[in-house]
1. Give me the distance in nm between label points sitting 7 Å out from Cα along the Cα-to-Cβ direction at T350 and D322, one decimal.
2. Mean 1/r over all different Cα pairs, inverted: what Kirkwood radius does the range 292-372 give, in Å?
3. Would you please give the FRET efficiency between K184 and D2, computed as 1/(1 + (r/R0)^6) with r the Cβ-Cβ distance and R0 = 41 Å, to the nearest 0.05?
4. Normalised by the number of residues in the range 311-369, what is the relative contact order in percent for Cα pairs under 8 Å and 6+ residues apart?
5. Using a ≥ b ≥ c from the Cα gyration tensor of the range 55-123 (square roots of the eigenvalues), is it rounded, prolate or oblate, where a/c under 1.5 gives rounded and otherwise the larger of a/b and b/c decides, a/b for prolate?
6. Amide H of L340: which non-local residues (sequence gap of 5 or more, or other chain) have their own amide H closer than 5 Å, using H built in the peptide plane?
7. Find how much the distance from T23 to V145 grows on full extension, using 0.36 nm per residue of separation minus their present alpha carbon separation; answer in nm with one decimal.
8. 7 Å from Cα along Cα→Cβ at both K514 and T455: what's the point-to-point distance in nm?
Amino acid sequence: MDLSDKLTVLSGIGEVVARNFATLGINNIEELLTYFPRKYNDFSHVVPINKTKPGPVTIKAKITNARSRRARHGLNITEGIASDETGSIYLVWFNQPYRASSVKEDAEYYISGEFGLHHKRMSMINPSVEMVSSFPINTARIVPVYKETKGLSSLQIRRAIKPALAYLRLINESLPKWMLDEYKLMPVIQSIETMHFPISNEELYEAKHRIAFEEVFDLSLAALMNKNELLSEKALSIKFSEKLAKQFVNNLPFKLTSEQKIVAWQILQDIEKTVPMNRLLEGDVGTGKTVVATMAAHMTMNEDLQVALMAPTELLARQHADTIHKILKPFKLDHKVGLLIGSHKFAQKTQVIEKLNSGEIGFIIGTHSLIQEKVSLKKLGLIVIDEQHRFGVKQRQALMLKAGHMPHLLSMTATPIPRSLQLTLYGDLDISVIRKKPYTDLAVKTKIITLNKRTELYESLINILKIKKQIFIVCPLISDSDNMPFRSTEKVFNELSKGVYKDFNVGILHSKLKTEDKEKVMKDFVARKIDVLVATTIIEVGVNIPNASVMIIESAERFGLAQAHQLRGRVGRNHEQGYCYLLLDDNNQPSSRLRALETTSDGFKLAELDLKIRGPGVIYGVTQHGHDGLDLKVAKLTDQDLIIEARRAATEFIDKKENLLQYVQLNKRVERIRSVTNLN
């Protein structure tokens, strides 16, 4: 027996069923045992029939008169009568004809299900039935409900897990005994078995707490190990010059806010040390993050060291290059700013690389081209990463390898990081926040639009286009999909360009277009040659079109709160009123999530609410970067007490100089986390 055994070693699981399990990410015994339920139905209280009330109920009874019949439209109905010494009730199953032949009239069964009114008769509908035993798995207990897939029900999953429990003895405890005692944690084997087959709600609570604690502990330990490892690295010290700092601030066409000054000072203090800076700068669009980063870059270039800024898109890289070029022009440093992106022609790239390698370029801005091209960055003192603060780790590592040493690192994001994530996943980062914009922007007016009002909305916006303002329309899909009935860019583009906006220039933008075509579309939109741009979330980050005043988000329920807020930030950028319309695919009541967007413009509040709505399982922004292995199965990142407790335990683990290699499973999990979060 081995935890890596394939599921086919279990009775009743053949190749077909194993393939169904594989679609859920379950390929072996270990993955099956750690596939935890998404919820539980409490059928643990067995009541006599005369005490049954509408709702979930379990009875212990004999079943008689079980028979099946064919109803209209081909529906098969199986009926029976359950009886105990106190009375009888009707049982009804739909499309389960085997029920009639499977029950034995002289046997006693546990019967669990919903008791309610059916065709003017109180009945139990589609109940689970098991012969009375000491270990029922579908009735007379707290019954786990799993995330299912086609061809695989919760019942089948429960049946597979029961024999797999024999493998639990192969699992070694993954936490030290002192931690189990100090934090009153259930042993790992007991917690896994209880998650699948809890005896009581109290025991289930303890099992959930143990699993959740360990999930958060893993994240916290990985973050602290990353941070400690970084402390052993050496960076080049970038000396602070008060004269240069004053000169920089005095030559800006605006005054720095108090928050910008505080953050700039934190960064300048960091880069003066030989311990590499690893700081995350949070701030909404327009709060002045780029100015603060450029101030640190100016100080770096003054030491004859180089700066690299990496952006996720060519469009954003171009915008950064333009902004930084203007900021550094008064210091006659604009000629030392270079741009390196994939769409540049060979001769253009060659010239930039030669200037960079010779040191003529002191501040290079680009996309992944900075990694892919034959670039030498031996004098690299500072790296600035925009909107890749956590999951561009491999790209950041590649950039650092080009330097041959550990540069200082400043990450920037317009997406607020909730406090709970700052303590866990981002625990290795020092965090600075700029909350206020240098100027008072009008909040973007946001409104939810139901399906029957869509046409009316589009027609009403013709007046906006007539005064030469521009409109963004964002869709969740590029093309129509049978599996996902959401609005696509191609469908909306065809509808509008041939319909209500046929007299205007409508453009389309998505990731499947060639790079040069994407560049042309954006250039035309910037130049106001395109009035309406239908796009995917490719425009979510960094697009600055001050003339765009309307953002329409099609199939708005499809987007997360943070993402929708980022999209909304694309409009109302020129001290003018912006409008955001959240379009629904039906006429039903909108979710509380969309209502929050309609009433709240505070990105930090929305980020916290987004995390709360997502619940356990989804770490902020992880899945979209392909690292769903970091997702939490049980822990809720809104549980601040748990997070503080687990982080304290991680600190103790390091302080006690525990040998991580002693704990095989823990080491495996922590190394997986570090592989996508560690810079070394």
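1. So the label points at T350 and D322 sit 2.9 nm apart.
2. Working: mean 1/r = 0.0795 Å⁻¹.
Hydrodynamic radius (Kirkwood, Cα only) of the range 292-372 equals 12.6 Å.
3. 0.80
4. Computed value for the range 311-369: 45 percent relative contact order.
5. Oblate, since a/c reaches 1.5 and b/c is not below a/b.
6. I365, G366, T367
7. 42.2 nm
8. It is 3.9 nm.
The values are calculated or read from the model by the stated rules, or taken from the named source; none is laboratory data. Here the structure is a predicted model, which means the values were calculated and not measured. Cβ: placed from backbone, ideal geometry, glycine included. Neighbour counts: every protein chain shown. Protein only, heavy atoms only, side chains kept; ligands, DNA and RNA dropped before computing areas. Shrake-Rupley method; radii C 1.70, N 1.55, O 1.52, S 1.80 Å.
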